[in-house]
Amino acid sequence: MLRPRPLIERLPKYYPPEEGRAGKLRLDFNENTVGCPAGIVSFLRRTLRPEWFSLYPEYGRARRILARYFGVAPEEMLITNGVDDAIKLICDVFVEPGDVLVTPTPTFAIYQFFHAVAGGRTAVVRYDYDAGLRLDVGKMRAVLGRRPRWMALANPNNPTGTLIPKSDLRALLLAAPDTLVLVDEAYFDFSGQTILPWIRRYPNLVVSRTFSKAFGLAGLRLGFLFANARLAGWLRRAHAVYAVNSVAAACAVEAIRHDKEVRQYARQVRANREAFCRTLTEMGLAYAPSAANFVLVRVGARGPEIARRLRAQGILVRDWSHDRRLRGYLRVTVGTEAQMRRLARAWKPLLPVMEPGKGRAAWMDLIRHSPPAVWV
Ligand SMILES: Cc1ncc(COP(=O)(O)O)c(C=O)c1O
């Protein structure tokens, strides 16, 4: 019988939602909750051409225009099929079986996923729950002693929403000159903090961005990788030649014309996030300090039931109980004022089954369940 590589047989299955999200208030996957700027859809209606279906895509013009938008040279940028594709590409180009990835925990699972597909092992360093979920740079540096092949830092991080300060990023880049450091800025539009210009200063730095979040184009699959021209050249060499389809490429160029609207949406989300956090504080619920478009909230042991009861009212939030370190935590995407009012109406009656807990104390259960560093 035909069998895959043994490590594929051992790989845990990942189940993305296949259906059932339509028509609901989707506060579960950190997407833009009102959709992409209407101008992108009308652009498509006006200009969609049969050639976009029948001919292979050409990227030259899109690459030039988008590179100018991001303030880099075209040779310093790759357009990818979402950041997921960019992460896989990094693994394709750099990871040999047995190589080590260093990443904090909890974080976006896809780094470890593609690294495992390539046969690598992952060293995880847990966020310092005692210090308000600050990344412990000392611990990260200690693992660097094992000469990892690459390091993945989501900034802001998913699912915590926390931001790594630039001074810590600089320290890590300097401490690991032979390690590729991916700083994934998928939520940059909400945090406003970027180190993209540093690709010219640090030869080991790769930065990623996506149009899946603030731009509202998750279904089109548009991601971007940035690195110095030499590193980007290696990445390009192994990239699927037509990874991004013609409709997505045309929409990427159109999307940046609506940049103002996107920034306006991000501003609203930031204000609504702060209001949501104030309400959580009033309710006595603990949450992680977020710089993104979502908040990780501790609701206690009945988290899965709370998520189910919200779902029954047409509101989807992400229950993190599948991760034993995050049992009792819900990740809630922040939307418009009206959407947050709707959430509040459904949320308040559930308060009696939620467990209050403040700041430091609330993170303690995570510490107990979380080993300091784990080799997978
Ligand atoms: C940190 C982070 N990076 C990347 C992605 C995925 O981006 P894309 O849709 O461009 O593949 C996500 C999606 O949730 C994310 O949270």
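The values are calculated or read from the model by the stated rules, or taken from the named source; none is laboratory data. Treat the numbers as computed from the prediction; the structure is a model and nothing was measured. Glycine also receives a Cβ, built like all others from the backbone with ideal geometry; neighbour counts cover every protein chain displayed. Heavy atoms of the whole protein, side chains included, go into the accessibility calculation; ligands, DNA and RNA do not. Shrake-Rupley method; radii C 1.70, N 1.55, O 1.52, S 1.80 Å.
Note on the range 228-313: enclosed helices (runs of 4 or more DSSP H) holding 3 or more residues that are modelled with pLDDT under 95, at negative phi and open to solvent by 30 Å² or more (accessible area, probe 1.4 Å) are 259-283. Are any of the residues in the range 10-25 assigned by TED's automatic domain parsing to the domain that holds Q313, of a type in the set (K, R) and in contact with a strand residue (DSSP E or B) (Cβ under 9 Å, 6 or more places away or on another chain)? Yes, that holds for at least one residue. Each residue in the range 163-192 was checked for being out of contact with any Ser or Thr (no Cβ under 8 Å at 6 or more places or on another chain) and either outside the structural domain of M151 (by TED's automatic domain parsing) or surrounded by 14 or more Cβ atoms within 10 Å (Cβ to Cβ) (or both), and 16 pass.
Any chance you could count how many residues in the range 217-227 are open to solvent by less than 20 Å² (accessible area, probe 1.4 Å) and farther than 17 Å from P74 by Cα? Counting residues in the range 217-227 that are open to solvent by less than 20 Å² (accessible area, probe 1.4 Å) and farther than 17 Å from P74 by Cα gives 1.
Looking at this structure, is P106 of a type outside the set (K, R), outside the structural domain of G314 (by TED's automatic domain parsing) and closer than 27 Å to V207 by Cα? Answer is yes for this residue. With a requirement of 3 or more residues that are within 15 Å of the ligand (Cβ to nearest atom), open to solvent by 70 Å² or more (accessible area, probe 1.4 Å) and modelled with pLDDT under 95, none of the helices (runs of 4 or more DSSP H) lying completely within the range 23-85 satisfies it.
Scanning the range 199-230 for residues that are of a type in the set (K, R) and away from the ligand (no atom under 12 Å from the Cβ) returns R200, R201, R230.
Scan the range 17-47 for residues that are more than 20 Å from the chain's Cα centre (by Cα), more than 23 Å from W320 (Cβ to Cβ) and in contact (Cβ under 8 Å) with a residue 60 or more places away in the chain and the total you get is 7. The criterion of being free of Cβ contacts under 8 Å to residues at least 60 places away in the same chain, polar (S, T, N, Q), out of contact with any Gly (no Cβ under 6 Å at 6 or more places or on another chain) and not assigned by TED's automatic domain parsing to the domain that holds R221 does not hold for Q268.
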